[in-house]
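None of the figures in this text is laboratory data; all of them are computed from the coordinates on show. Please read these numbers as outputs of a predicted model, since none were measured by experiment. A quick note on method: Cβ atoms are made from the backbone with ideal geometry, for glycine too, and the neighbour counts reach across all protein chains shown.
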Amino acid sequence: MSTYTNLPAPSPEQGLNRYMQEIRKFPLLEPEEEYMLAKRWVDHQDTQAAHRMVTSHLRLAAKIAMGYRGYGLPQAEVISEANVGLMQAVKRFDPEKGFRLATYAMWWIRASIQEYILRSWSLVKLGTTSAQKKLFFNLRKAKAKVGALEEGDLRPENVARIATDLNVTEADVIDMNRRLSGGDASLNAQIGSDGDGSTQWQDWLEDEDSDQAADYAEKDEMDARRELLMQAMGALNDREKDILVQRRLADTPVTLEDLSESYGVSRERIRQIEVRAFEKLQTRMRELARGKGMVIPA
């Protein structure tokens, strides 16, 4: 969108601290104000309205970008890509769908960042299937879950568990872990200078100021998912709904044994119904999400 020529832009020379201070000057929007600005953009292509929507969410884009620190890429460029995703979200945002811009923009911001990372890492150009992308973006979290974040080669039992959790082959886990080794930066690594001293990774681990945009986004996202879930449950018959609720949505899941006795069928049959119901629920949620203008990540 050509109207964003005067947006603040992060750069190593400027320093990220100064950039963060600059974007905090833009006020957040109340729901009614955001709706009116969005209508002005949709109905009249009002570039000033679009500009205000973008600037009011720059903090959200920066916060999401900070979650992708571990890939060895310049943070200023990651934030710039996040801003590109934000601009795309504003361009396509429909206020009549009933969601806040922050909820809608989160998907576009993350997608833009991930595409940038995939373009920048030569290792993923060897293979960019859906499973490999999932492994690339989730391996660190999976290693932390099994307590193997600082290891070199993974132990066989950890490889097996990660492969199962992420639904990939053990060979893929081993290969990706080796190619990603050494990619994490020190917490004390410098990421720029703002004139008052060097900025380090650890300076970005926690923001003492409350990020209202992120809070709004998280709340809206949870509300949106809850609403989609309730609507999508209508695609299930009574038995599928009951089994899925008791197996996956209850605080204490009911065992296959108990449900097989309740329904007078085998445990394997209960498991098959559960899997089928879950797949139907996911498919219906994606359909409903697309109808509401939400972007579904791959």
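If R0 is 25 Å, what FRET efficiency do you get for Asn138 and Arg178 from their C-beta distance, rounded to 0.05? Step by step, r from the Cβ atoms, then E = 0.95. Using the Cβ-Cβ distance between Ala160 and Glu261 with R0 = 25 Å, the FRET efficiency computed as 1/(1 + (r/R0)^6) comes to roughly 0.20.
Model label points for Ala9 and Met230, set 7 angstrom from Cα along the Cα-to-Cβ axis, are 4.5 nm apart.
What FRET efficiency, computed as 1/(1 + (r/R0)^6) with R0 = 30 Å and r the Cβ-Cβ distance, is obtained for Ala171 and Asn237, rounded to the nearest 0.05? Given R0 = 30 Å and the Cβ-Cβ separation, E is 0.15. Between Leu28 and Gln48, the modelled labels are 2.5 nm apart [label points 7 Å from Cα along Cα→Cβ].
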